[in-house]
1. Using the heavy atoms of the protein chains and a 1.4 angstrom probe, tell me the accessible area per residue for segment 57-112 in square angstrom.
2. On full extension of the chain, what length is gained from Cys143 through Ala520, given 0.36 nm per residue of separation minus the C-alpha to C-alpha distance?
3. Once R0 is set to 30 Å, what does the formula 1/(1 + (r/R0)^6) return for the Cβ-Cβ distance between Ser204 and Gln73, expressed as a FRET efficiency to the nearest 0.05?
4. How many nm is it between the label spots at Phe112 and Cys190, if each spot is 7 Å from the Cα in line with the beta carbon?
5. Per q in 0.17, 0.24, 0.28 Å⁻¹, report the Debye log10 I(q)/I(0) for segment 423-484, using one uniform scatterer on each alpha carbon and no solvent.
6. Cα convex hull of segment 407-457: how many Å³ per residue?
7. Can you compute the modelled spin-label distance between Lys321 and Thr182, with each label point 7 Å from Cα toward Cβ, in nm?
8. Which order do the peptides 216-224, 491-499 come out in when sorted by mean C-beta neighbours inside 10 angstrom, highest first?
Amino acid sequence: MDSEDDMHDANDMESVDEDFYSDGDGYGGDAADSDADVADYDFMGNETDDSDEQAVSRTQKNYTVLKEEDIRQRQEEDMTTISTLLSISREAACILLRRYNWSVNKVHEEWFADEERVRKSAGLLEKPAVSLSRVIDVVCGICFENFLPDDIISVGCGHPFCTTCWKAYITTSINDGPGCLTLRCPDPSCDVAIGQDMIDTLTSGEDKEKYYRYLLRSYIEDSRKTKWCPAPGCDSAIEYDLGSGSYDVTCCCSFSFCWNCTEEAHRPVDCDTVSKWILKNSAESENMNWILANSKPCPKCKRPIEKNQGCMHMTCTPPCKFEFCWLCLGAWSDHGERTGGFYACNRYESAKQEGVYDESERRREMAKNSLERYTHYYERWATNQSSRQKAMADLHQMQTVHLEKLSEKQNQPESQLKFIIDSWQQIVECRRVLKWTYAYGYYLPEHEKAKRQFFEYVQGEAEAGLERLHQCAEKELQTYLNATGPSKDFNDFRTKLAGLTSVTRNYFENLVRALENGLADVDSQGACSKAPSSKNATGSSKGKGGGRGKNSTKT
């Protein structure tokens, strides 16, 4: 079994830990206004002492990644515990644990509270009901054929069935799905459970493999504290400490997701907002908005028509073929030079002045505005998603190829180039956060102007800082990768990139705190009830390895 440290190391690719944005108070930005100002940050002097404290903070996770072998080991340990504690067989212990969702404590409590009731509900007999050893001829309860006692099997309840019928019964149940884990005696009046010993005896090959796969999955799916990683092809699970804070978790496959809703990690946006946004992106509502904004119904058959030519003379598609005016929707046979010709409609203009089309025009205008607003947020959401995917690819390339190359060219060990990996990890995480802030902004009520203004401010500051960092890591780093030998100004670049990483982290800490607090620091009059200077905010981040800005700003 891999160690927990190995699991932590495997997470480096996808994202920075969710505790990354949990330190400090205040919303003041501490970033300089340009790249040139970054050199004024007192970053390198605090790196050694503060980075240790930050590293300890990031390893304090509220979840555990469980690989398949870990799950199987835990399952076996739980069965052994119950078997030893209650002095019952491992097969009976497995039946009890499944009955109580693999909770050892629950089995213990219920068993000692009322053993008889627990046995009855789980289908466990205290001792076999009858023995068939002295019977000469036995009739199978399914096929009604006569068999010798050696060819008859019973689970202890005394209901006899032949080996062939048992195999067919169990195989059919396994092929029907996970319900085979709660298999009972084939007799309709009997509730005695069928244990693993019967499965091992009467099945083999694919059927047995399926059964034990269902058994393994039930250990995760029946528990309130564990869930499977939703990444395609991943067989790992996450055990989460309920009530411990952020739901964002990262599997050993590097996929980050929300443990609560199993969508991709979306902190600081809540699960309800994410659910609405994803539904909106996939639903037909936006198609209908587009149809309403860019088409008109045929006056005859009512099918929506899009105008794709300059002329106002419209002809509906077959079989309708109705000819009408695009502006007034009247029959084209009533139109001609006296009504304005092909490119105008006097009837429409006069009717519009009389207010005939006010309602329909209002609806179309509302649909257009709604569509434009949605498009604005969706494009930025999708753009940051694609930027994040590209950043993840660049991070992987840096870790596997470029870092070694850069180490050779600059004559520096790879351990001293870790600041580059840190910057790319920060970019990946910030792109994720920034992406979801656009979903948050879409659902922020229009009438709460003060909150919207404050949100757009902290979002804008964070986004500007991220763009500076991304450009530095992507463009300026390329100069040193393409260099033929050591660069004299490489240490200046180190200071600049590390400083930008720290500054951007602080900006996004402010943004995450603001959104998780529901922008509560904005009062109803449109002012901030708490607007500390960047000095205070910087003091918080500095304690975690952040930089100090020479300027201060207020929100």
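The values are calculated or read from the model by the stated rules, or taken from the named source; none is laboratory data. In this text, all values refer to a predicted model and were calculated from it rather than measured experimentally. Neighbour counts run over all protein chains shown; Cβ positions are idealised from the backbone, glycine included. We work out accessible area using only protein heavy atoms, side chains counted, and drop any ligands, DNA or RNA first. Shrake-Rupley method; radii C 1.70, N 1.55, O 1.52, S 1.80 Å.
1. Per-residue value: 48 Å².
2. So the extension gain works out to 128.6 nm.
3. Working from the Cβ atoms, E equals 0.75.
4. 3.3
5. Rounded to two decimals, the profile gives -0.66, -0.97, -1.13.
6. 83
7. Here the modelled spin labels are 6.3 nm apart.
8. So the order, starting with the most tightly packed, is 491-499, 216-224.
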